[in-house]
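Below is one structure, written out as structure tokens, with a few remarks after it.
A short reminder: the numbers here are calculations on the coordinates, not readings from a lab. In this text, all values refer to a predicted model and were calculated from it rather than measured experimentally. So basically every Cβ, Gly included, is an ideal-geometry build from the backbone, and we count neighbours across all protein chains shown.
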Amino acid sequence: MAAEGEPTDVVKVFHLLVLSFSWGMQVWVSFIAGFALLRQVPRHTFGLVQSKLFPLYFYCLLGSNFINLVVYSGYHPRDLLDWHESVQMILYFVALILAGLNAQWFGPAATEVMFQMREVEKEHGLGNQIGLGSQKEDYAKLKEQDPKYKAYKSTFGRYHGLSSLCNLTGFICTTTNLIYTALNLSTI
């Protein structure tokens with residue numbers, strides 16, 4: 001039986017399940033689904049799927065990171081933290097902030113610019129090919145000839161890059177927390 005201030009077995013299992021859910025979702029969405037989908041559907045379909053999937057992904061990630069931080073901080077008072085626990089608390093907080101940035105700012109901004117690029121590409125008969133390689137020259141030519149498209153491409157690259165950096169950093173935070181938790185299961 002847990003003493004006062006110690007998590008019960010139910011809380012420990014819940015915390016581990018939420019942490020595992022976060023990590024598994026990040027692995028699937030970041031490293032598996034996108035690459036598999038990119039090779040199977042036309043480019044514009046891929047963008048449409050991402051525009052529907054990413055908001056749900058970012059908000060699920062935001063929610064699970066919030067739960068992880070609340071549960072962990074609830075059973076690890078700030079005054080009693082050792083340096084390992086302090087690092088873990090910081091990692092939970094960083095993952096939460098980065099998921100929030102993606103959910104509220106970088107994800108929606110990248111999606112909006114992607115749809116603007118998509119309209120220009122449609123006007124030039126691009127975007128229906130599967131994968132990225134078959135019409136590379138046509139995209140490069142469009143970028144050279146259309147300053148509006150070039151600006152969209154640059155803006156999209158910036159938002160997509162920042163979103164990817166936030167996602168990767170959040171993944172590293174979650175992975176580190178999962179490893180630390182696995183190595184210290186008795187002290188969750």
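Some notes on this structure:
- Farthest toward the positive end of the dipole of segment 20-150, out of G125, F106, F54, is the Cα of G125, where the dipole comes from beta carbon charges about the Cα centre.
- Fully extending the segment from F35 to Q104 would add 22.4 nm, taking 0.36 nm per residue of separation and subtracting the current Cα-Cα distance.
- Degrees separating the helix 107-123 axis from the principal Cα axis of the chain, which is the longest one: 20
- For a straight C-alpha distance cut-off of 20 angstrom, the lysines reachable from K153 (same-chain residues fewer than eight places away being disregarded) are K122, K136, K141, K143.
- E137-V11 pseudo-label distance in nm [points 7 Å out on the Cα-to-Cβ vector]: 6.5
- Charge dipole of the chain about the Cα centre (unit charges at C-beta), most positive-ward option of G170, I67, L80: G170
- Using C-alpha pairs under 8 Å with a sequence gap of at least 6, the mean separation divided by the residue count of segment 88-188 gives a relative contact order of 50 percent.
- Normalised alpha carbon radius of gyration of segment 9-187 [divisor 2.2 N^0.38 Å]: 1.25
- Top of S64, S163, S30 by mean-square fluctuation, Gaussian network on the chain, Cα under 10 Å: S30
- Label point 7 Å beyond Cα of E123 along Cβ direction - residues of segment 134-166 with amide nitrogen under 15 Å: 142-153
- Order by protection proxy (mean Cβ within 10 Å, highest first), peptides 141-151, 104-114: 104-114, 141-151
- Note on Q145 and W83: the extension gain reaches 16.8 nm, defined as 0.36 nm multiplied by sequence separation minus the Cα-Cα distance.
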